[in-house]
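None of the figures in this text is laboratory data; all of them are computed from the coordinates on show. Just so it is clear, the structure is predicted and the values come from calculations on it, not from any experiment. Cβ coordinates were reconstructed from backbone atoms using ideal geometry, including for glycine residues, and neighbour counts include every protein chain displayed.
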Amino acid sequence: MLNREEVDRALARLGAERDAVEAALLALQDHQGLRLLTGAELAGRTRERWSAAEGGVALLWALFDRYAEALASARAVRSRRNRPTAAELAELSELLSGRSVTVSGGRLPDAAAGLGAPARLVEQVTLAELLERMNGWYALVVDVVSAVDAVWSALPARIDLLLAELGRVQMLAGSVGVRPGGHPLADDLAELAEQLTALRTLVVSDPLALWRPSRVPAQRGREAAGGAWTSPAGAVDTAGFDRMGRRLDDVRVELEGLLRLRDESHERLQQVADLLQRADLTLGEARRARGEVLAKIAATEVPPVPGPPSALREAIGQAVDFQQTGQWHRLGPLLDALEDAAAKELGRARQALTEVAQPLAVRAELRGRLEAYKAMAARLGLAEDPEVVERFEKARWLLWSAPCDLRAAAEAVGRFQQALRPPQPRPEQRAPAVRDGRPPEQGDQRDLRDQGEDSDG
């Protein structure tokens, strides 16, 4: 039996719990998720969970009324006198801690029994058990209501926005000739439309299919007494929606690339034509250079000049046809290949010109060297030297005659260069060494001169 102080503390605690339960039930009644669930056409997991939890809302208020009535009865007994008698304390002890509350069926949800198990018609429970029962039912209801509200708040509006964006992208696809059955991007868009529509239907009818709780509902039911009147933890599964959004972004980027291609195709085709025209001009120059080499350079093997790229001309015609018929998805890869091939063709023509004109470049280099050596001869005062003049004329005649023998001309230029080198003194003409730290005697110098004269003779 409780004493007076214990009775007063129990009444205060139970009164605070009653106020908390009432506030939680009022908040649940105004919950947006509960309003959306009421009368909604549900399916799948959500219908199963809500069919078990829907009756809990009315049951919670019924249990709360019984709780409030029992608490009011205990307060009435306690208010009779300041110091209750032993009989009153016994009555209060029974009301506050005994099985004095009669309730109708309404089992506490747990993992041990299925949610559809039959309940007893009448039960005698304590106030603590009644509070625990309300906690369990509240946990069950708020789990469903909060999860559904979280999904409905997170996905439908985003799906509608993505569907609107999908419609815009489909219009963009039609403007660049991308249509179902004719291009993979159009097929991707049609598939995305089906998936988004199916996802929206699933979100509206079975939102709990996209809810990922952090704990299973049975665990929340068992722990309700310790953490009652709180919303469950979890997250909305948006992985599928996010994948669709990323795929739509990829398709949009590809379509915008086709749109840019439509705007730039004329200029790019003109650039390809310009590259091929430059390649043709270069090949023509190479053919003229080849004829000149054959006519003016002797004993030279000249490689043949390739012909114009006829296959590229045909590909350009096909690209123009794609452009005129709006087949941009086919024009894109063809135009990329044409640009690469045209650049390679120009490089091939330049390489052919370089190989063909190589002998002419060698002759021009020899002519330049000859003129440079001639200017050197003038600076050295050898311009009138007969040997220098003879070698210069020989090299000049070889370089300016046709056909030109490049090997003989190179040797002649080399001989002309050697003629410009100053003569090296002979060993006997070198200055005598110093003897014993003094210059040679005059007689010695005279002897050296005589020896030099004899050697020259």
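Subtracting the Cα-Cα distance from 0.36 nm times the residue separation, let me have the gained length for A157 to E194 in nm, one decimal.
11.6 nm is the gain from fully extending A157 to E194.
Given R₀ = 60 Å, FRET efficiency for R260-R287 by Cβ-Cβ distance, to 0.05?
Numbers: r = 39 Å, r/R0 = 0.66.
The formula returns an efficiency of 0.95 here.
For the range 344-356, in order, what is each residue's ³J(HN,Hα) by Karplus, 6.51 cos²θ - 1.76 cosθ + 1.60 with θ = phi - 60°, in whole Hz (x at glycine and Pro)?
5, 5, 5, x, 5, 5, 5, 5, 4, 4, 5, 5, 5
Please report the base-10 log of the normalised intensity I(q)/I(0) for the range 346-385, using a Debye sum with one equal scatterer per alpha carbon and no solvent, at each q in 0.36 (1/Å).
-1.02
Applying the Karplus parametrisation 6.51 cos²θ - 1.76 cosθ + 1.60 with θ = phi - 60° to the phi angles of the range 274-288, what ³J(HN,Hα) value in whole Hz is obtained for each residue in order, glycine and proline being reported as x?
Residue by residue, the range 274-288 yields 5, 4, 5, 5, 5, 5, 5, 4, 5, 5, x, 5, 5, 5, 5 Hz.
Using θ = phi - 60° and the Karplus form 6.51 cos²θ - 1.76 cosθ + 1.60, what ³J(HN,Hα) does each residue of the range 89-95 get, whole Hz, x for Gly and Pro?
So the Karplus estimates, Gly and Pro as x, are 5, 5, 5, 5, 4, 5, 5 Hz.
The range 56-77 to the range 356-417: how many Å between their Cα centroids?
The range 56-77 and the range 356-417 have Cα centres separated by 124 Å.
Name the aspartates and glutamates eligible as straight-distance cross-link partners of K296: C-alpha to C-alpha under 15 Å, and not fewer than 8 places from it in the same chain.
D405
Label points 7 Å out from Cα along the Cβ direction at R415 and R13: separation in nm?
12.9
How do M244, M1 rank when sorted from fewest to most other Cβ atoms within 10 Å of their own Cβ? Mind showing how you got there, number by number?
Numbers: M244 20, M1 12.
Fewest-to-most ranking of M244, M1: M1, M244.
Full-extension gain between R45 and A58, please, as 0.36 nm times their residue separation minus the C-alpha to C-alpha distance. Could the numbers behind the result be given before it?
Values: separation 13, 0.36 × 13 = 4.68 nm, distance 2.17 nm.
Length gained, R45 through A58: 2.5 nm.
Using a 7 Å offset from the Cα along the Cα-to-Cβ direction at both L382 and A27, what is the distance between the two label points in nm, to one decimal?
Result: 11.0 nm between the two label points.
State to the nearest 20 debye the size of the charge dipole of the range 267-354 about its Cα centre, where the only charges are +1 on K and R beta carbons and -1 on D and E beta carbons. Mind dumping the intermediate values first?
Numbers: 11 positive and 12 negative charges, 63 e Å.
So the dipole magnitude of the range 267-354 works out to roughly 300 debye.
Quote to one decimal, in nm, the extra length available between V122 and A72 on full extension: 0.36 nm per residue of separation minus the C-alpha distance between them.
Working: separation 50, 0.36 × 50 = 18.00 nm, distance 2.11 nm.
Roughly 15.9 nm would be gained on extension.
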